[in-house]
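Asker: Let me begin by handing over the structure; questions about it come next.
The values are calculated or read from the model by the stated rules, or taken from the named source; none is laboratory data. Because the structure is a prediction, the values reported are computed rather than measured. All Cβ positions, even for glycine, are placed from backbone atoms using ideal geometry, and neighbour counts span all protein chains on display. Accessible surface is based on the protein model in full, side chains and every heavy atom, while ligands, DNA and RNA are left aside. Shrake-Rupley method; radii C 1.70, N 1.55, O 1.52, S 1.80 Å.
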Amino acid sequence: MRVTRGVAGVIAGLVLAGGAGVAHGETITAAGTGQARVLAAAPLTNAKITRAVTIARKVAVADAFDAARNQATRFAIVGGFNLGAIQAIEEPGSPYGYFGGGPFTTGRFGPGQYCGKIMQVRRGPRVNGRRGPIISQRQVTRCFKPPFVSVTVSVTYDATPIPPPPTL
């Protein structure tokens, strides 16, 4: 007897659906992103910027969790589930450091180092469209505050299927 692909697909689907009828560890995973401005009073120091980054990170993490919870709730409603307890939390890191946020947020001069020495160069006037000669150069200390902190979290929730309404 010859079985067509469509019929074979329906049979396979029914077999798989029969096994999936029992709730065994259903979960819903959602990601959320939060962002907060880094506010530090002048004159900038490494300690002030570090404190401001820490405060902004706390705000961004709270916003990221709210966004993940909202997204998981939308998924649960569409899928016919009730959300349960949190099973896992993950903060995927960014390989982009200062600009990527996450646990790899670093300062311009290294992890947690927002102030450091840079070379300040003064040049003479342009000659024939080229940069002029260096007149003077000196090392100065400068601080660079990140404009914001961005955090992304992935949260996995327990999910229980909503029972179908009773039939009359």
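Asker: Tell me, what is the per residue accessible area of segment 28-168 in Å², probe radius 1.4 Å?
Answerer: 66
Asker: Under a straight-distance cross-link criterion of Cα-Cα below 24 Å, which lysines are reachable from Lys117, leaving out those fewer than 8 residues away in the same chain?
Answerer: Candidates past the 8-residue exclusion: Lys48, Lys145.
Asker: Tally Lys/Arg at +1 and Asp/Glu at -1 over every other residue whose Cβ is under 12 Å from the Cβ of Ile118; what's the total?
Answerer: +4
Asker: Count the net charge of all other residues whose Cβ sits under 13 Å from the Cβ of Pro43, scoring Lys and Arg as +1 and Asp and Glu as -1.
Answerer: Residues close to Pro43 contribute a combined charge of +3.
Asker: Moving to a separate point now. Suppose accessible area is computed on protein heavy atoms with a 1.4 Å probe; arrange Arg108, Arg37, Arg57 from highest to lowest.
Answerer: Ranked list, largest accessible area first: Arg37, Arg108, Arg57.
Asker: If I compute solvent accessible area with a 1.4 Å probe over the protein chains, what percent of it on segment 22-93 is carbon and sulfur?
Answerer: Exposed carbon and sulfur together represent 59 percent of the surface.
Asker: Also: Which aspartates and glutamates have a Cα lying under 20 Å from the Cα of Lys58, excluding residues fewer than 8 positions away in the same chain?
Answerer: Asp66, Glu90, Glu91
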